[in-house]
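> Structure in structure tokens, see below.
Any read-out appearing in this document is the output of simple, stated calculations on the displayed coordinates, not a laboratory observation. If you're wondering where the values come from, they're calculated on a predicted model, not measured in any experiment. Glycine gets a Cβ as well: all are built from the backbone with ideal geometry, and neighbour counts include every protein chain shown.
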Amino acid sequence: MDADGKTTVDGLWAAGEVTSTGVHGANRLASNSLLEAVVFAARIAENIKGMLPESSLYEWPKDAGENDELVTLEDSRELKTLRSAMSAHAGVIRDADGLKDLIRQIVRLEGINKRVRFSNMATAAKLIATAALKREESRGGHYRSDFPDAVEAFRHRSFMTLKDADRIAAEIVG
């Protein structure tokens with residue numbers, strides 16, 4: 001992420017706790033995170049101001065893809081499968097075999113459902129699954145049954161880009 005909140009995922013900006021900016025050092029008070037989110041949200045808004053298309057009074061074409069509303073009457077079959085697979089393999093208890101199976105499923109589902117809403121969710125799922133696979137330890141609320149102990153070498157923040165996640169997924173899928 002840069003100083004304006006732009007991430008390595010095209011069209012995605014981030015602010016607040018998710019960014020791990022370290023602006024407030026090791027002092028992790030909730031009020032600091034809130035202040036950080038407000039400051040960076042203003043920077044993000046300024047950064048993207050000229051990038052948004054002019055609003056339109058016309059509806060999107062019906063063939064533009066899945067309804068991208070936050071709440072839909074019925075989720076797609078692929079989204080239901082993704083949610084189920086994430087719960088089964090990327091929950092609190094996880095292991096390498098399950099995470100690899102999950103990553104294969106995510107890649108397969110991405111090939112089937114090209115809708116914007118689903119693509120965004122699959123991207124987040126892929127980042128979570130590949131990061132969990134690479135972190136071969138248990139720490140906090142994340143338990144790897146195949147690596148039950150914390151490892152001192154992993155006692156730091158880790159970072160992953162979408163390019164990293166895609167590379168890891170490609171290696172697993174073959």
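> From the phi angles alone, apply the Karplus equation (6.51, -1.76, 1.60; θ = phi - 60°) to the stretch 107-113 and give each ³J(HN,Hα) in whole Hz, x where the residue is Gly or Pro.
Karplus values, whole Hz, x for Gly and Pro: 4, 4, 5, 4, x, 8, 10.
> Determine, for each peptide in 101-111, 5-15, the mean count of other beta carbons within 10 angstrom over its residues, then list the peptides with the highest first.
Working: 101-111: 19.2, 5-15: 15.9.
Descending packing order for the listed peptides: 101-111, 5-15.
> Here is a further query. What does the C-alpha gyration tensor say about the overall shape of the stretch 90-174? Classify as rounded when a/c is under 1.5, otherwise prolate if a/b is larger than b/c, or oblate.
Prolate shape, in that a/c is at least 1.5 and a/b is the bigger ratio.
> Hey, what do the phi angles of the stretch 127-135 turn into as Karplus ³J(HN,Hα) couplings, whole Hz, using 6.51/-1.76/1.60 and θ = phi - 60°, x for Gly and Pro?
My calculation for the stretch 127-135 gives 4, 5, 5, 5, 5, 5, 5, 6, 8 Hz in order.
> Give the order of SER87, SER145 when sorted by the count of other beta carbons within 10 angstrom, beginning with the fewest.
SER87, SER145
> Still on this structure: Summing +1 for each Lys or Arg and -1 for each Asp or Glu, what net charge is found among the other residues whose Cβ lies under 12 Å from the Cβ of MET86?
Residues near MET86 contribute +3 overall.
> Next question, about the same structure. Amide H of ARG139: which non-local residues (sequence gap of 5 or more, or other chain) have their own amide H closer than 5 Å, using H built in the peptide plane?
ARG144
> Cut-off is 10 Å between beta-carbons; in what order do SER119, SER138 appear when sorted fewest neighbours first?
So the ranking, lowest neighbour count to highest, is SER119, SER138.
> Here's something else I'd like to know. Count neighbours as other Cβ atoms within 10 Å of each site's Cβ, and list the chymotrypsin sites (Phe, Trp or Tyr not before Pro) in the stretch 70-174 that are DSSP loop with at most 11 such neighbours.
PHE159
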